[in-house]
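The values are calculated or read from the model by the stated rules, or taken from the named source; none is laboratory data. Every value quoted in this text rests on a predicted model; they were computed, and no experiment measured them. Every residue, glycine among them, receives a Cβ derived from its backbone with ideal geometry; neighbour counts consider all protein chains shown. Keep in mind that these areas ignore ligands, DNA and RNA; they rest on the heavy atoms of the full protein, side chains included. Shrake-Rupley method; radii C 1.70, N 1.55, O 1.52, S 1.80 Å.
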Number of protein chains: 2
Amino acid sequence: MNTLIRVVTFCGALSWAVVVGAEEFSPFQPLPPQPPIPADNALSDDKVQLGRQLYFDRRLSFNQGLSCNSCHDLMAGGADNRAAVSKGDVGRAAARSAPTLWNVAYQTVYFWDGRAASLEAALAEHLTSPTEMAMPDDKALVERLSGAYSDQFERVFKKQGEFNYQNITRALASYIRTLVTTGSRFDRYLQGDGSAIPMQAKQGYQRFIDVGCASCHFWVNLSGPVPGLAFQMGEGFYELFPNYPGTEEEGRYALAEDLGRYYITQDDKDRRMWRVPVLRNIALTAPYFHNGAVPTLDEAVRVMAITQLGVKLTAGEVEDIVEFLKTLSGEFPPQPLPRLP
Amino acid sequence: MNTLIRVVTFCGALSWAVVVGAEEFSPFQPLPPQPPIPADNALSDDKVQLGRQLYFDRRLSFNQGLSCNSCHDLMAGGADNRAAVSKGDVGRAAARSAPTLWNVAYQTVYFWDGRAASLEAALAEHLTSPTEMAMPDDKALVERLSGAYSDQFERVFKKQGEFNYQNITRALASYIRTLVTTGSRFDRYLQGDGSAIPMQAKQGYQRFIDVGCASCHFWVNLSGPVPGLAFQMGEGFYELFPNYPGTEEEGRYALAEDLGRYYITQDDKDRRMWRVPVLRNIALTAPYFHNGAVPTLDEAVRVMAITQLGVKLTAGEVEDIVEFLKTLSGEFPPQPLPRLP
């Protein structure tokens, strides 16, 4: 079954579930506490702890100016709220806005254009990207970290010679897979607590479905299929953005300049195709869109309705949807700052 | 009694204690778990929690590039191990090396030259210093943080209108006063556990006293008097550095170029006078000296003996003292990364 057919089937089932309110197949589900774990990178406590150290260690960047947490600030929502796009360790700005790392473990592809088929692959690219950590190559990073970390890698990976670039990405990925925000008000509502979200958010939720937002933003992460459910790792759930071209908003926020996935595949049908982004904790991760051009959530909702659905929402409808989106903020498990070796 | 007489008296008592091994007055003491708290900034749990948020919040710097933890990286020893001197948020390098913030609550003055009479005053200077957080003035910082923090300040300080620059420094200072590393091997040794430090460290400890290091590096922080003991807040314990001028080491590490406290007082007797630095956790806070010119602890010990005491230590003697200094590394209480408002 090809991707398109599977998505159509999946969305068909969703529409049906929305219409009849079938309990056995709802388009929204609470976030499961345990995300999928790849067979070649089993999760272990000591690997997570090692990954946590690496995550907060500035030695991972060329000038030692940035840690992962510099642009994916976990306790400030997990993204970079400071600027539309972040600057890397050597001062070069990234092309796109840094998304939150919370709940990325449920994605099937990584980066806005889906160019990485796994979290480990995305991390490998981050470490040497000149707009991010800017290490000249994998060898330079291994050399930089060797004195501090090599013994610990051999203990965690249980073999000599296991201190290498690939395992650095594996340890980091293991830590990032623990970054899951269950317990949002919306999840409690889905689990049967009718009072978990206020009336206005319930109206917003219904509006979110009726207007059509939910045709892309569904399932556990409100970003479409997750690994093993309709899609496998490496298969991305992409949408055209802007879908209604030529709007005033498109011009004002330069939404059509970046051709998205086209740069990866050079295939015309991928022009301006983008991975459907996660909506969990969206109220905490301004600014919005791939280019971080929109500073507030209500403006983001208004613009999305126009550019994606051809719908001009009233101010009240925008407010309702924003109230719903606020209920997607989950509980952030405490992150003890690790001792660095 | 003037400062000099008090120090002479104090040191006299210390020498005597060392000679006769008197238990009632030892020049070294375990770190008390509770540091002195100033009367005008009572410690409270919610003030500490607020200070912790501010400590990790990049919005405190002009370009939002730095938090306090960027240059005083708590879980990497509390200092900046990356460079001799740190660069501030607008790219200007500081004149001196960022010291660790662990255990600074026991100091009577702040900065290498002692120019701040309290931790709060030191923080006020940091926030607007162009080589540090680089905010243009106090008003700009208050305006920046207002939306995120003003309600919380009114709760913590229990009055309307309490969100202001001075209280930002008070909250930060309260958090920093909780950064205390008790439980070092040396402290356990002082508390009677003879096996807490190895033989070589014991030899190093004796050497540290015999050679004369302990004539400045004594008492709970191995940096001389603490508030209320011989000195009051604002009174600094300063020493001349280099004390034996014109050595090869002085030239190689440019130790005499910075005139230290003289820049503050313009008084000739303060030329190259420096606050005696804390030795706790010294093994974790390379590089060394006010200018961060010396990268390793053994070289720092060798150079100090030559420039301060006129003594050329053998390699073995240096090693012994370094082993002793390593026992000053304490237990680092876990620091949960705070949620940012």
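Structural remarks
- Both the radius of gyration and Dmax for the stretch A:145-184 are 12.9, 43 Å, in that order, over alpha-carbon atoms.
- Summing Lys and Arg as +1 and Asp and Glu as -1 over all other residues whose Cβ lies under 13 Å from the Cβ of A:Ser61 gives a net charge of +3.
- Protection proxy ranking, peptides A:79-85, B:276-282, B:144-150, A:199-205, average beta carbon neighbours within 10 Å, highest first: B:276-282, A:79-85, A:199-205, B:144-150
- Dipole magnitude for chain B: about 500 debye, using +1 per Lys or Arg Cβ and -1 per Asp or Glu Cβ, origin at the Cα centre.
- Here the Karplus curve 6.51 cos²θ - 1.76 cosθ + 1.60, taken at θ = phi - 60°, turns the phi angles of the stretch A:37-48 into couplings of 10, x, 4, 8, 8, 4, 7, 9, 4, 6, 6, 4 Hz, with x standing for Gly and Pro.
- Most positive-pole-ward Cα, A:Phe153, A:Asn164, A:Ile209, against dipole of the stretch A:138-257 from beta carbon charges: A:Phe153
- Cβ-vector label at 7 Å, A:Glu257, separations to other copies in nm: 4.3
- 5 Å binning of all Cα-Cα separations within the stretch A:76-128, expressed as whole percents from 0 upward: 4, 18, 25, 29, 19, 4, 0
- Peptide A:73-81 - average C-beta neighbours from other chains (10 Å radius): 4
- With the convex hull drawn around the C-alpha atoms of the protein assembly as shown, the volume per residue stands at 186 Å³.
- Quotient of Cα Rg and 2.2 N^0.38 Å for the stretch B:201-341, N being how many residues it contains: 1.14
- Inter-chain Cβ neighbour count for A:328-334, averaged per residue, equals 1 (cutoff 10 Å, partner chain atoms only).
- Cα centre as origin, Lys/Arg/Asp/Glu Cβ charges: the protein assembly as shown dipole, Debye: 140 debye
- Mean projected area of the Cα convex hull of the stretch B:118-235, taken over all directions, amounts to 11.1 nm².
- With the Kirkwood sum run over all distinct C-alpha pairs, the stretch B:135-202 has a hydrodynamic radius of 15.3 Å.
- Calculated P(r) tail over 24 Å for the stretch A:70-189, as whole % of Cα pairs: 34 percent
- Interface burial for B against A (accessible surface, 1.4 Å probe, total of both chains, Å², rounded to 100): 1800 Å²
- Distances between every pair of Cα atoms in the stretch B:29-77, grouped in 5 Å steps from 0 to the bin holding the largest one, split as 5, 16, 17, 19, 22, 14, 5, 2, 0 percent.
- Ordered from largest to smallest accessible area (heavy atoms of protein chains, 1.4 Å probe), the residues A:Thr131, B:Thr265, A:Thr307 come out as B:Thr265, A:Thr131, A:Thr307.
- Computed E for B:Arg155/B:Tyr262 - FRET, C-beta separation, R0 51 angstrom, nearest 0.05: 0.70
- B:His126, A:His290, ranked by accessible area, largest first (probe 1.4 Å): B:His126, A:His290
- Solvent-accessible area per residue for the protein assembly as shown (1.4 angstrom probe, square angstrom): 42 Å²
- If both residues of a DSSP beta bridge must be in chain B, then about 75% of such bridges are antiparallel.
- For A:Ser26, inter-copy label distances in nm, listed shortest first [label point 7 Å out on the Cα-Cβ vector]: 6.4
- Taken residue by residue and averaged, Cβ atoms of other chains lying within 10 Å of the Cβ of A:48-57 number 1.
- Of the residues B:Asp40, B:Asp45, A:Asp193, A:Asp187, ranked by 1.4 Å probe accessible area with the largest first, the sequence reads B:Asp45, B:Asp40, A:Asp193, A:Asp187.
- Inter-copy label distances at A:Ser129 (7 Å, Cα→Cβ; nm, one decimal): 3.4
- Check: the stretch B:173-321 dipole with +1 on Lys, Arg Cβ and -1 on Asp, Glu Cβ, in debye: 380 debye
- Amide H contacts of A:Ala98 (H built 1.01 Å from N, under 5 Å, at least 5 apart or other chain): A:Asp80, A:Ser86
- Sorted from greatest to least, the principal axis extents spanned by the alpha carbons of chain B come out as 59, 43, 39 Å.
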